1. For the range 163-202, which residues satisfy the criterion of being of a type in the set (Gly, Ala, Ser) and touching a helix residue (DSSP H, G or I) at 6+ places or on another chain (Cβ under 6 Å)?
2. Please tell me if Asn41 is more than 22 Å from Cys239 (Cβ to Cβ) and at pLDDT below 95.
3. Just for the range 69-89: of the residues that are within 10 Å of Arg148 (Cβ to Cβ) and of a type in the set (Val, Ile, Thr), which one is surrounded by the most Cβ atoms within 10 Å (Cβ to Cβ)?
4. Give Lys404, Lys370 a once-over and let me know the one that is in contact with a strand residue (DSSP E or B) (Cβ under 6 Å, 6 or more places away or on another chain) and over 22 Å from Leu289 (Cα atoms).
5. Go through the range 168-219 and count every residue that is over 19 Å from Ala341 (Cβ atoms) and among the acidic types (Asp, Glu).
6. Would you check if Ile98 is hydrophobic (A, V, I, L, M, F, W, C), touching a Ser or Thr at 6+ places or on another chain (Cβ under 9 Å) and surrounded by fewer than 19 Cβ atoms within 10 Å (Cβ to Cβ)?
7. Can we say Cys239 is crowded, with 23+ Cβ neighbours inside 10 Å, assigned to a loop (DSSP other than H, G, I, E, B) and at negative phi?
8. Restricting to the range 395-412, name every residue that is touching a Ser or Thr at 6+ places or on another chain (Cβ under 9 Å) and not charged (D, E, K, R).
Amino acid sequence: MKTLKTLENLKSHSGLRGIYGEQITPQLAYLLTQAYISTFNVKEIIIGRDTRPSGLPLKYAAISAAIAGGVNVTDVDIAPTPAILYSIKKLQMDGGLIISASHNPPEYNAIKIAGKGGLLIERKTLNEVLKKFGEERITNRVGRIGHRDIVKMYFYGLIGNVDFEMLSKSNFKVVVDPGGGAGSITTPKLLTKMNCKVISINAIPGIYTRRIEPTVESLKQLSETVKAVGADIGFAHDCDADRLVCVDDKGRILGYNYSMALAVWHILSRRKVRSMVINAASSRIFEYLAEKFHTKIYVSKIGEANVVRKMIETDSPLGVEGSSGGLIWKDFHLARDGALAALMILEGLAVSGRKPSEILNEIPKYHMEKVNIECSRNEAEKLIKEKLKYLAGLGELDFTDGIKISADNWWIMIRPSKTEPKIRIIVEAVKKEKAKKLMKTCLNLFKTKN
């Protein structure tokens with residue numbers, strides 16, 4: 001059985017994550033579920049998953065542990081993470097478990113924990129759950145299993161947050177690339193309901209014909225398809241559809257930050273938003289947009305739960321993880337949602353009557369470089385501390401999340417990944433040459449070739 005020490009290396013923002021069969025197993029799912037229901041004393045929960053084949057044994061292990069502990073389970077099976085979180089809130093459940101490793105490769109899987117209201121738990125709460133890991137929880141009462149399709153309820157919620165009539169009249173042509181993930185069963189259908197002409201690629205659930213994470217490298221087919229069919233825009237998700245990356249009408253792959261900038265540009269220009277929260281790795285694009293529309297910005301640590309907590313603390317209606325293509329709109333639900341971001345962007349195009357490329361031409365260009373260095377979590381933290389003395393003189397230091405060094409026209413962030421054994425380095429600058437030079441400096445410091 002895994003110890004608390006070994007579990008430390010598997011901790012993600014709201015649960016445990018690792019390679020299936022080696023680190024994440026049905027036994028671990030069973031024991032973590034027991035610890036979860038014991039910590040929260042839940043009576044009714046939802047359990048769902050993304051399209052990874054390993055999600056099936058993990059789901060059934062979690063269900064077995066829950067009903068053995070006297071908990072009633074609603075099995076929603078394959079659904080986007082935001083849809084599962086939304087259903088926890090709407091159905092007034094005590095919480096839920098989501099079997100999904102999000103953007104990680106197919107060999108990974110994870111168990112994410114949500115509490116009441118469909119909010120993912122924070123790291124402090126996860127630590128409390130893990131203290132009970134391995135404690136047996138079997139009662140005389142056996143829980144019940146029910147099954148429910150939550151897609152229709154999720155669609156109603158989403159559509160209620162945009163101008164359905166205006167969108168329906170716009171007749172957008174959209175290419176959707178859900179990457180074989182849970183968005184395969186929702187986003188194309190949702191956009192069809194909005195009277196869009198939808199062309200789907202890589203949309204067979206559980207068949208991964210591209211890299212799961214929607215990056216510039218993995219979305220070349222989407223770019224080519226958008227250009228070939230003359231689409232207004234292209235949308236791509238990761239495996240659980242909480243992320244969104246766009247391809248504009250010219251076939252340009254926008255990346256996480258500029259995709260979210262399209263959504264934020266529309267929301268801030270159309271709705272009165274007093275303040276918004278971004279994570280520490282988000283582009284300065286959002287500072288520009290906030291200043292343009294007189295919106296105050298708060299900065300949180302990276303991670304959906306951290307952004308949500310800061311939104312609650314500051315009473316901010318909008319949250320953005322530009323670094324991971326995540327949009328959170330409080331009026332709908334406090335969860336990152338790729339489909340919601342897509343609808344907000346389409347509404348913006350409908351209201352303005354403009355193409356994505358035309359809107360983007362008005363937003364300043366920032367150049368971002370990202371590199372991951374393979375390294376265990378313990379080694380990563382030690383190595384970053386060792387290099388701090390070399391970084392301190394480059395600019396203003398910020399320790400909100402890892403180390404961030406900033407100057408007027410650039411910034412560098414170096415931090416241990418919370419989901420993979422890597423050091424993540426992000427550099428952003430106004431000039432592309434400066435961004436590349438700064439990244440080279442960082443790689444030389446860590447003695448790593450790009």
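1. First, the residues of the range 163-202 that are of a type in the set (Gly, Ala, Ser): 168, 170, 179-184, 200.
Answer for the range 163-202, where residues must be of a type in the set (Gly, Ala, Ser) and touching a helix residue (DSSP H, G or I) at 6+ places or on another chain (Cβ under 6 Å): Ser170, Ser200.
2. Judged against the criteria, Asn41 is a match.
3. Val76
4. Working: Lys404 fails: over 22 Å from Leu289 (Cα atoms).
After ruling out the rest, the residue left standing is Lys370.
5. Final tally of qualifying residues: 1.
6. Details: hydrophobic (A, V, I, L, M, F, W, C): yes; touching a Ser or Thr at 6+ places or on another chain (Cβ under 9 Å): yes; surrounded by fewer than 19 Cβ atoms within 10 Å (Cβ to Cβ): no.
Here the answer is no, as Ile98 does not meet what is asked.
7. Working: crowded, with 23+ Cβ neighbours inside 10 Å: yes; assigned to a loop (DSSP other than H, G, I, E, B): yes; at negative phi: yes.
Answer is yes for this residue.
8. Initial filter on the range 395-412 (touching a Ser or Thr at 6+ places or on another chain (Cβ under 9 Å)): 395-398, 400-401, 412.
Within the range 395-412, Gly395, Leu397, Thr400, Ile412 qualify.
The values are calculated or read from the model by the stated rules, or taken from the named source; none is laboratory data. Source: prediction; values computed, not measured. Virtual Cβ from ideal backbone geometry, glycine too; neighbours counted across all protein chains shown.
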